[in-house]
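The structure appears below as structure tokens.
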Amino acid sequence: MDSTLVADVVAEVMKRLNARGSSAAGPRAGETAAAEEPKRAEAYAHPHRVQDPIGQFGVFASVDEAVKAATESQAKLMKLTLEDRDGIVKLIKKTAKDNAAAWGKMELDETKIGRLDHKIEKLQILELVPGVEFLKTNCDSGSNGICLDEAAPFGVIGAITPVTHSVPTLSANAISMIAGGNAVIFNPHPSGVNCAAHAVREYNKAISAKFGIDALLTCIAPPTLETAEAIFNHRGIALTVVTGGPAVARAALAAKKRAIVAGPGNPPVVVDETACLDNTAASIVKGAAYDNNLLCIGEKEVFCVEAVFDKLMAKMEKHGAFILNPQQIETLTKKAFTPGSDGKLHVNKDYVGRDASFLAAAAGTSVPPSTQLLIGETKSDHLFVQQEQMMPFVPFVRVKDVDEAIDLAIQAEHDYRHTAIIHSRNMDTVTKFGRRANVTLFVVNGASPTGLGLGGQGFLSYSIATPTGEGITTPLTFTKFRRVMIAGSLRMI
Ligand code: NAD
């Protein structure tokens, strides 16, 4: 992008921010709008900003323009064969894989949260996201004819995506939605818009060159609260899909248009005396350290029975975690949570997704840069337990027995019904927790990412629809049920 265009975009962003007197997407927890504004303006002028101007290859300034382009592109998609549609989906997966290293770095440079190795891996593993093969037609043949129950496209879908996985969520959504026969308009998080817009352009360029469709994916730049609102209300958009925290989940649920909502979580881990402690410790390090604990499914707090608590802490150390003492935990807590406009303490965005060594320094100690995870003992009412903190510091709560662990875990999950994890070889205990937690993703004796097919069975998606109940989204999630009834004919048996 040339310097004039950068200046134009920055000026537009500042104009909209000033006009509203608040940040584009509303400040995140614990953050003041004033602190957010310069960061957002800076993000739009980021050196990784791509060269193409707005208005080409799917990146548009207005929702109306995006709807027009997406509608035309979806009509073209409908004229292609299912094999072509499969080819488009595979092209998106290949483009993501081929560019994973560069795009992972671009996203980390722009958002400044998470870990490079995992940013790259999240793009490399997109082949685990199901495609056209997931669309199955059910049929019934009888005396009255033949009926086909088919998965039909919605048309144009509006998708709001998070900063924690800007390009991965966009890419996985695009795979599932296009496999379902749709085109999509993305309103990315303002702090991750440049990498998102870049990916949209590259996907569209690849699709256009091979299949002659220019804008199956579209992206709004700059994305704002107003453009999100326009997506919620636009008559040309059939469905909205929201992946994000409590504010956007509430906004989508309050809108008139049907929304699929992949909302926040605060996944608890329960550990009882029958657990394999080596596997438990290795799993917690793997899951909680993944992308510096940005995953919504990542282990956020542990409730372990007294009988094995000290042994588990020792195993955690053996598996590379660093134990903070109570004073260090409190020093870190004072920095990691700051008062919001409501007067309550909220997560300080400057600490979200940062490396363990950064958090250790904030706690007043130092760890080798290779340290992936900090842990420490706290009470269950601690801020780090109760809030979805998205940091590689995991609080461990000592409980008298597994019933207390289950009670406190369910309380800390706050009815998000998102993810819960248990380490136990007692199937009665596992069943009891599973029933009571009633979550969307329930992981037993593994690291949280196994629940998304990483080292476990099953498929991948980065949008896990929780309050609206669709679960780990697939192409079928983004289709509508259509029955074709051929009455009285074609029954040949
Ligand atoms: P966020 O809620 O700050 O932002 C998410 C998206 O919503 C962004 O595009 C943002 O601009 C937009 N947004 C925020 N408030 C809005 C409003 N009032 N109206 C319209 N749009 C609004 O979240 P984040 O920090 O980007 O991502 C982390 C959060 O997302 C965590 O809570 C995490 O659990 C959740 N998440 C959930 C899933 C899932 O699959 N369930 C996946 C990833 C992240």
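In terms of Cα to Cα distance under 19 Å, which lysines are near enough to LYS94, apart from those fewer than 8 places away along the same chain?
Straight-line reach from LYS94, under 19 Å: LYS105, LYS119, LYS122, LYS205, LYS210.
Pop the C-beta distance of CYS147 and GLN56 into the FRET formula with R0 = 51 Å and round what comes out to the nearest 0.05.
Once rounded, the FRET efficiency stands at 0.70.
Put +1 on the Cβ of each Lys and Arg and -1 on the Cβ of each Asp and Glu in the chain; which of ILE213, MET485, SER283 then has its Cα farthest toward the positive end of the dipole?
MET485
Run lengths n ≥ 4 of DSSP H only: what is the helix-derived mean residue ellipticity at 222 nm for the chain, with -39500 (n - 2.57) per run over all residues, to the nearest 500? Write down the numbers at each step before the final one.
Details: 17 runs with 207 residues, N = 493.
Helix contribution divided over all residues of the chain: -13000 deg cm²/dmol.
What are the aspartates and glutamates whose alpha-carbon lies under 17 Å from the alpha-carbon of LYS93, with same-chain residues fewer than 8 places away excluded?
GLU83, ASP84, GLU121, GLU127, GLU133, GLU202
Counting only protein heavy atoms, what percent of the accessible surface of the chain is carbon or sulfur at a 1.4 Å probe?
Details: 10700 of 19620 Å².
That share works out to 55 percent.
What is the log10 of I(q)/I(0) for the chain, computed with the Debye formula using one identical point scatterer on each Cα and no solvent, at q = 0.06, 0.09, 0.10 Å⁻¹?
So the normalised log intensities work out to -0.28, -0.62, -0.76.
For the chain, with every protein chain kept in place, what is the accessible area per residue (1.4 Å probe, Å²)? Present the calculation step by step, with values, prior to reporting the outcome.
Numbers: 19620 Å² over 493 residues.
Each residue of the chain exposes 40 Å² on average to a 1.4 Å probe.
Taking the 0 to 90 degree range and rounding to the nearest ten, how far is the long axis of helix 63-79 tilted relative to the main principal axis of the chain, both from C-alpha atoms?
So the helix axis and the longest Cα principal axis differ by about 70 degrees.
Using a 10 Å cut-off on Cβ atoms, rank the peptides 111-123, 323-335 from the highest mean neighbour count down.
Ranked from most to least packed, the peptides come out as 111-123, 323-335.
Quick one: putting +1 on the C-beta of Lys and Arg, -1 on the C-beta of Asp and Glu, what dipole do you get for the chain around its Cα centre, in Debye to the nearest 20? Walk me through the numbers on the way to the answer.
On the way: 51 positive and 53 negative charges, 191 e Å.
Rounded to the nearest 20 debye, it is 920 debye.
Can you give me the three principal axis dimensions of the range 372-417 from its C-alpha atoms, in Å, biggest first?
Its Cα atoms span 30, 24, 17 Å along the three principal axes.
Compactness ratio of the range 268-456: Cα Rg over 2.2 N^0.38 Å, N = residue count?
The range 268-456 yields a ratio of 0.95.
I need the peptides 438-447, 132-141 ranked by packing, meaning the mean over residues of other C-beta atoms within 10 angstrom, with the highest value on top.
Details: 438-447: 19.9, 132-141: 13.7.
Top of the packing list down: 438-447, 132-141.
Take the alpha carbon atoms of the range 417-475, find their center, do the same for the range 109-178, and report the distance between the two centers in whole angstrom.
Taking the Cα centre of each part, the range 417-475 and the range 109-178 sit 19 Å apart.
Straight distance only, please: which lysines reach the Cα of LYS256 with their own Cα at less than 27 Å, same-chain residues fewer than 8 apart left out?
Result set, ordered by chain and number: LYS68, LYS480.
Compute the acute angle (0 to 90°) between the alpha-carbon long axis of helix 427-437 and the principal axis of greatest extent of the alpha-carbon atoms of the chain; round to the nearest 10°.
60
Among 419-425, 448-454, 400-406, 463-469, what's the highest-first ranking by average C-beta atoms within 10 angstrom per residue? Before the final figure, lay out the partial values.
On the way: 419-425: 26.0, 448-454: 22.6, 400-406: 18.4, 463-469: 20.1.
In descending order of packing, they fall as 419-425, 448-454, 463-469, 400-406.
Put +1 on the Cβ of each Lys and Arg and -1 on the Cβ of each Asp and Glu in the chain; which of VAL397, GLY192, LEU80 then has its Cα farthest toward the positive end of the dipole?
LEU80
Rounded to the nearest 5, what % of DSSP beta bridges with both residues in the chain are antiparallel? Intermediate results must be reported in sequence, preceding the final value.
Working: 19 of 58 bridges.
The antiparallel proportion sits near 35 percent.
Evaluate the relative contact order of the chain (contact order divided by residue number), counting alpha-carbon pairs under 8 angstrom at least 6 apart; express in whole percent. If you can, show how the numbers build up before the last one.
On the way: 1066 pairs, mean separation 96.6, N = 493.
Dividing the mean separation by the residue count of the chain yields 20 percent.
The values are calculated or read from the model by the stated rules, or taken from the named source; none is laboratory data. Only a predicted model underlies this, so the values are computations on that prediction, with no experimental measurement involved. Ideal geometry is used to build each Cβ from the backbone, glycine not excepted, and the neighbour counts take in all protein chains shown. Protein only, heavy atoms only, side chains kept; ligands, DNA and RNA dropped before computing areas. Shrake-Rupley method; radii C 1.70, N 1.55, O 1.52, S 1.80 Å.
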